[in-house]
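Heads up: the structure comes next, in structure tokens.
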């Protein structure tokens, strides 16, 4: 997170916004969890474990909906369906 979602001030590494003093610790935690599950999804895809990737990306979407995460979900779902049809 580069900017405060409330006042749009540029953020540093602290848990509080330097301008409005909002506590951003929960949002920062969600952001870290999102990154973790994105990395897990990509690793599972790389390893050919589509079901694990699908589970991870669904967790990502619960935490943070973005166009990238949505596209990753659609891609992962398609890969999973293809692997099930082959199996």
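Read-outs: derived from the displayed coordinates by stated rules, not from any lab. The model shown is predicted, which means the values in this text are computed figures rather than measured ones. Quick reminder, even Gly has a Cβ in these numbers, built from the backbone with ideal geometry, and neighbours come from all protein chains shown.
In table form, for the structure just shown:
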{"read-out": "Residue tally, condition in contact with a helix residue (DSSP H, G or I) (Cβ under 6 Å, 6 or more places away or on another chain) and part of a helix (DSSP H, G or I), over region 1-50", "value": "10"}
{"read-out": "Residues satisfying the stated conditions in region 52-76, i.e. more than 30 Å from residue 5 (Cα to Cα) and either loosely packed, with under 12 Cβ neighbours inside 10 Å or out of contact with any helix residue (DSSP H, G or I) (no Cβ under 6 Å at 6 or more places or on another chain) (or both)", "value": "none"}
{"read-out": "For residue 14: the one exception among (1) surrounded by fewer than 16 Cβ atoms within 10 Å (Cβ to Cβ); (2) in contact (Cβ under 8 Å) with a residue 12 or more places away in the chain", "value": "(2)"}
